[in-house]
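One structure below.
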Amino acid sequence: QIKDVQACLKVVREALLDVKAKEIVELDITNISNVADAIVIASGTSTRHVKSLANNVAEEARKAGFRPIGIEGESDAEWILVDLGLVVVHVMLPTARRFYDLESLWRNAAAEPVA
C-alpha cells in the first residue's frame, strides 16, 4: 500500500505542478489518522485556477487508475477537496488556506514541501 500511496502522490504532485499550483505541501498522516495516508494542500490564484487545479488532479488520477471517491466545493471554488482514498487533496484560495490553516491542524504530521 505504501507503493500505491507514493504513486498516487506522484500523480497528484505532477497534476498540480502542471497547472502551476502554489505552495504545495504533502503531509504524511499514516500514523495519526485512519481517514487517509496523506494529505496534499495547494493554493490557486483565483477560483478559476482552483477549479482547474482540482479538475486536473481528478483527471490525471483517473488516468493513473486512482478513482476519486468524491469532489467537494466545486460550486464556490474557494476550497475544493478531492478525495482519492489514500490521498486527500485540498486546493484552496490563499485566504481560505490561511483561515482554515490545515497545516496547523495536522501539525503532528510529517510535512514535505514540494518545489
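The values are calculated or read from the model by the stated rules, or taken from the named source; none is laboratory data. Just so you know, these numbers come straight off a predicted model, no measurement behind them. No Cβ is skipped: glycine too gets one built from the backbone with ideal geometry, and neighbour counts run over all protein chains shown. Ligands, DNA and RNA are excluded from the accessible area calculation, which covers all protein heavy atoms including side chains. Shrake-Rupley method; radii C 1.70, N 1.55, O 1.52, S 1.80 Å.
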Checklist line | Filter result (closer than 25 Å to Asp76 by Cα, of a type in the set (Val, Ile, Thr) and in a loop (DSSP other than H, G, I, E, B)) within region 1-31 | finding: Val19
Item checked: Wholly within region 32-94, strands (runs of 3 or more DSSP E) carrying at least 3 residues that are surrounded by fewer than 19 Cβ atoms within 10 Å (Cβ to Cβ) -> 70-72
Item checked: Top-ranked residue in region 1-31 [being of a type in the set (S, T, N, Q) and closer than 23 Å to Asp101 by Cβ; ranked as most open to solvent (accessible area, probe 1.4 Å)] -> Asn31
